[in-house]
Amino acid sequence: MAIGGMRGIKGMLWETSLLDAEEGIRFRNLSIPECQKVLPTAVPEGEPLPEGLLWLLVTGDVPTKDQVSALSKDLRSRAKIPGYVFDVLNSLPKSAHPMTQLTTGVMALQTESEFQEAYKKGVPKTKYWEYTYEDSLNLIARLPELAAFIYRRVYRGGELVSRASDLDYGANFAHMLGFTDPQMHELFRLYLTIHSDHEGGNVSAHTVRVVGSALSDPYLSFAAGMNGLAGPLHGLANQEVLRWIHEVVKEIGTHVTTEQLKDYVWKTLKSGKVVPGYGHAVLRKTDPRYICQREFALKHLPNDPLFQLVSKLYEVVPPILLETGKVKNPWPNVDAHSGVLLQYFGLTEANYFTVLFGVSRAMGVLSQLIWDRALGLPIERPKSVTTAWIEDYAQKKLAGN
């Protein structure tokens with residue numbers, strides 16, 4: 001475990017979600033299908049409002065529609081970003097990766113931290129959680145406009161779209177990016193909900209936890225987590241999936257036979273590469289986040305050629321990965337589907353996808369950070385060992401046997 005990425009070590013308390021290898025993620029003990037049933041929606045039979053999930057993560061209770069509406073209003077009241085933050089971003093080259101710009105923007109916002117000011121004034125430890133709560137909600141409220149500014153600056157010539165006073169969190173985010181299709185608004189509600197949390201051991205969540213354990217404020221902690229999310233093995237996976245699918249289309253087209261697709265998958269594997277979007281460090285069945293995105297596609301874009309290609313991959317890839325004998329989980333994860341949905345509705349800039357992931361993940365990691373401070377959890381300090389220590393330990397164990 002010490003040299004294997006600490007896989008399987010139970011080493012932290014994480015209240016907001018729990019990942020089961022067979023069942024997938026549960027938010028406060030509710031599965032994704034259960035959340036879709038009980039959380040308030042913007043339209044009848046629609047996708048859950050992200051504000052509803054935020055309420056659930058912070059409180060542990062399923063909110064009413066009125067409570068979600070009140071939270072939406074509260075977030076809108078907190079959403080204004082100081083002008084100097086945009087000045088900081090405008091000083092960066094437009095070629096800077098959108099995730100670099102996101103973390104820079106969050107760090108610029110850090111001067112607004114209420115926790116930092118309260119700590120300087122000697123606020124009692126029992127009050128830490130209150131200022132962490134204020135910072136967290138302020139940051140969550142401001143992230144969509146910050147992220148939209150980056151998108152419009154890099155990809156739309158700097159022409160901004162002002163936030164709407166009557167739209168919910170997910171719809172407003174899509175609106176500020178420049179998308180008016182109600183189905184795209186629904187996709188954003190779904191996307192932000194299902195990407196919000198995935199228990200505490202993943203890179204971005206654990207980074208927020210460990211940095212926050214030093215009593216770094218939510219801005220500093222979240223920015224650190226986003227630098228982890230920007231890694232190719234974590235949050236960049238969804239853009240890698242879309243690029244690979246485009247390579248498939250370029251080489252063999254969209255209207256392909258099962259045999260053609262099998263040959264291409266084997267070609268990918270034999271070249272020493274992986275099939276992106278398949279497998280997971282914990283899950284041992286199809287990711288329920290993939291399934292709900294597939295259901296969304298079947299409802300809204302069943303005839304889209306790229307969706308149909310993704311569906312064929314779902315049939316072809318798992319048996320091949322099992323045949324290799326090297327893969328414990330051959331099933332698709334959340335990244336196998338999200339890029340195709342976003343592209344269908346016009347969000348084609350794959351480099352930006354991880355920013356969407358980051359905006360969503362804020363709800364989970366900052367909800368937990370509030371609870372870290374409320375529970376008075378200590379600074380993290382696990383024990384590390386050297387290779388020599390491991391060798392000595394193993395030799396002693398062998399001698400004892």
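Just a few scattered comments:
- Cross-link pairs Lys285/Lys326; Lys73/Lys125; Lys273/Lys312; Lys270/Lys328; Lys65/Lys127 - those with Cα-Cα distance over 24 Å: Lys73/Lys125; Lys65/Lys127
- With coordinates expressed along the principal axes, the C-alpha atoms belonging to the range 1-88 extend over 46, 42, 20 Å, beginning with the largest.
- Placing R0 at 35 angstrom, the Cβ-Cβ distance between Asp61 and Ser311 gives a FRET efficiency of 0.40 after rounding to 0.05.
- Protein accessible area in the chain, 1.4 Å probe - carbon and sulfur %: 55 percent
- Distance from the range 49-63 to the range 124-152 (C-alpha centre basis), Å: 16 Å
- A probe of 1.4 angstrom, applied to the heavy atoms of all protein chains, finds Val274 with accessible area near 110 square angstrom.
- Over the chain, dividing the summed -39,500 (n - 2.57) contributions of all DSSP H runs of at least 4 residues by the number of residues returns a 222 nm mean residue ellipticity of -19000 deg cm²/dmol.
- Pairwise FRET efficiency - Ala374 versus Ala70, Cβ, R0 = 22 Å, nearest 0.05: 0.55
- Intensity falloff of the chain expressed as log10 I(q)/I(0), Debye formula with alpha-carbon point scatterers, at q = 0.07, 0.08 Å⁻¹: -0.34, -0.44
- Cα-Cα separations in the range 307-399 greater than 17 Å, expressed as whole percent: 74 percent
- Extension reserve of the Arg243-Glu23 stretch, reckoned as 0.36 nm per residue once the Cα distance is removed: 76.3 nm
- Cα-Cα pairs of the range 120-221 separated by more than 16 Å (percent): 67 percent
- Kyte-Doolittle mean at least 0.0, axial Cα span of 27 Å or more - DSSP H helices of the chain: 305-324, 353-375
- Point-charge dipole on Cβ atoms (K/R +1, D/E -1) for the chain, about Cα centre, debye to 20: 860 debye
- About the centre of its Cα atoms, the range 90-199 shows a dipole size close to 420 debye [charges on the beta carbon of Lys, Arg (+1) and Asp, Glu (-1) only; nearest 20 debye].
- For the range 238-330, the convex hull drawn through the C-alpha positions has a volume of 99 cubic angstrom per residue.
- Between Val282 and Lys326, residue separation times 0.36 nm minus the direct Cα-Cα distance comes to 14.3 nm.
- If the segment from Glu159 to Ala2 were pulled out straight at 0.36 nm per residue, it would be longer than the present Cα-Cα gap by 51.6 nm.
- Annotation for Lys396 and Glu130: the two label points, set 7 Å from Cα along the Cα-Cβ direction, are 4.9 nm apart.
- Zero-based 10 Å bins, Cα pair distances in the range 120-175, whole percents: 21, 36, 22, 18, 4
- Toward the positive end of the charge dipole of the chain, with +1 on the Cβ of Lys and Arg and -1 on the Cβ of Asp and Glu, the farthest Cα among Gln116, Val334, Ile3 is that of Ile3.
- Sorting Glu15, Glu51 by accessible area puts them as Glu15, Glu51; the probe is 1.4 Å, largest comes first, and only protein heavy atoms count.
- Base-10 log of normalised Debye intensity for the range 60-180 (one unit scatterer per alpha-carbon) at q = 0.11, 0.16 Å⁻¹: -0.44, -0.85
- Gyration tensor (alpha-carbon) shape descriptor, the range 71-135, a/c threshold 1.5: prolate
The values are calculated or read from the model by the stated rules, or taken from the named source; none is laboratory data. In this text, all values refer to a predicted model and were calculated from it rather than measured experimentally. For neighbour counting, all protein chains shown are included, and Cβ atoms are generated from backbone atoms with ideal geometry for every residue, glycine included. Remember, those area values only see protein heavy atoms, side chains included, never the ligands or the DNA or RNA. Shrake-Rupley method; radii C 1.70, N 1.55, O 1.52, S 1.80 Å.
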